[in-house]
1. So Leu121 passes all but one of these: (1) crowded, with 20+ Cβ neighbours inside 10 Å; (2) more than 20 Å from Pro87 (Cα to Cα). Which condition number does it fail?
2. Just need a number here: residues in region 159-189 that are part of a helix (DSSP H, G or I) and closer than 19 Å to Asp48 by Cβ.
3. I'd like to verify a number: residues in region 178-201 that are charged (D, E, K, R) and under 19 Å from Val44 (Cα atoms), how many?
4. From the list Leu4, Leu85, Leu8, Leu18, exactly one residue is modelled with pLDDT under 95 and within 18 Å of the chain's Cα centre (by Cα). Which is it?
5. Is it the case that region 37-48 has a residue that's at pLDDT 95 or above, under 19 Å from the mean Cα position of the chain (by Cα), β-branched (Val, Ile, Thr) and assigned to a helix (DSSP H, G or I)?
6. Identify the single condition in (1) surrounded by 15 or more Cβ atoms within 10 Å (Cβ to Cβ); (2) under 20 Å from Ile107 (Cα atoms) that Gln153 does not satisfy, given that it satisfies every other one.
7. Give the residues of region 191-210 that are part of a loop (DSSP other than H, G, I, E, B) and closer than 16 Å to Ile94 by Cα, sorted by residue number.
8. Sort out for me the helices (runs of 4 or more DSSP H) sitting completely within region 61-131 that have 1 or more residues that are touching a Lys or Arg at 6+ places or on another chain (Cβ under 7 Å) and within 27 Å of Leu196 (Cα to Cα).
Amino acid sequence: MRFLLKFLSLFLYISVGLLASSPYYEHKVSQFKLLSDDKTKSIVMLGDSITERGLWSELTNRMDIANRGISGDTTEGVMDRLNNLNPNFKQCFIMLGINDILRGEDILNIMKNYKNILNTLRQKNITPYIQSTLYIGSNAPYLYKQRVKKLNQFLQRYAKEHKLVYIDLNKSLAPNSYLKQNYSLDGLHLNGEGYLIWKNIITKHFIQVKAQ
C-alpha cells in the first residue's frame with residue numbers, strides 16, 4: 001500500500017506539475033546554453049529525471065561526460081533544447097519516454113518525437129546510443145508497461161535499421177517488465193545500486209580516453 005501511494009503521488013506530480021516545473025526547465029536550459037562551448041566534453045547523457053539524478057562524472061570517473069537530464073522532461077521538451085547541445089559531443093546516451101507515457105501522450109506521437117530527436121542527433125554528427133526506456137514498479141497499471149514495451153520495440157527497430165547501438169537496461173534492472181524494488185524506492189527513479197548497474201552496462205561503449 002505504501003509503495004502504491006508513493007507511485008500515485010509521483011504520477012500526480014508528473015501529470016499536473018508541468019506548468020509548475022517550467023521555471024526549473026528554463027533554468028536548466030539556460031545553464032546548458034552557457035556551457036554549450038565547453039570543449040572538454042565529448043559524451044552526453046540526455047534524458048529526464050532518471051538521467052539527471054545520476055552523478056555520471058563520479059560514477060564513471062570521467063571528466064568528459066556531461067549530464068543533460070531535466071526532471072519531468074518529455075520527448076517534446078528534449079526536441080526543444082537540442083540546439084543547446086555542445087557541438088563537441090560525439091556520443092549521446094539517451095533515455096526518454098516515461099514522462100510522456102505517464103501523462104497519457106499518444107504512443108505514436110512519442111515515437112515520432114523520439115525519431116526526430118535521433119535523426120537530429122545524427123545530423124549533428126552525434127552518435128546516439130539508444131537506452132531502453134525503463135519499466136516502472138510492479139504496482140503501476142498494466143497499460144503503462146505495455147506502452148513502455150511498445151516504445152522499446154520501436155527503439156530496437158530504429159537502432160537496427162540505422163546500425164546504432166541499442167542498450168537494454170531492462171534486462172538487468174527490470175527483468176520481469178517491472179523495475180525491481182531493490183533498485184528503487186518509488187518505483188520510478190533509481191537508487192545508488194541501480195545507477196552502478198547502469199554505469200557498468202554503458203561504460204564499455206564509451207570513447208576511449210586518449211593518452212596524454
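1. Every listed condition holds for Leu121 apart from (2).
2. Final tally of qualifying residues: 3.
3. Result for region 178-201: 1.
4. Details: Leu4 fails: within 18 Å of the chain's Cα centre (by Cα); Leu85 fails: modelled with pLDDT under 95; Leu8 fails: within 18 Å of the chain's Cα centre (by Cα).
Unique residue meeting the criteria: Leu18.
5. Checked region 37-48: no residue is at pLDDT 95 or above, under 19 Å from the mean Cα position of the chain (by Cα), β-branched (Val, Ile, Thr) and assigned to a helix (DSSP H, G or I).
6. Just one mismatch for Gln153, condition (1).
7. Narrowing region 191-210 to residues part of a loop (DSSP other than H, G, I, E, B): 191, 206-210.
Scanning region 191-210 gives Phe206, Ile207.
8. 98-102
The values are calculated or read from the model by the stated rules, or taken from the named source; none is laboratory data. Since the structure is predicted, the reported quantities are computational estimates derived from the model, not experimental observations. With ideal geometry, Cβ positions are generated from the backbone for all residues, glycine too; neighbour counts draw on all protein chains shown.
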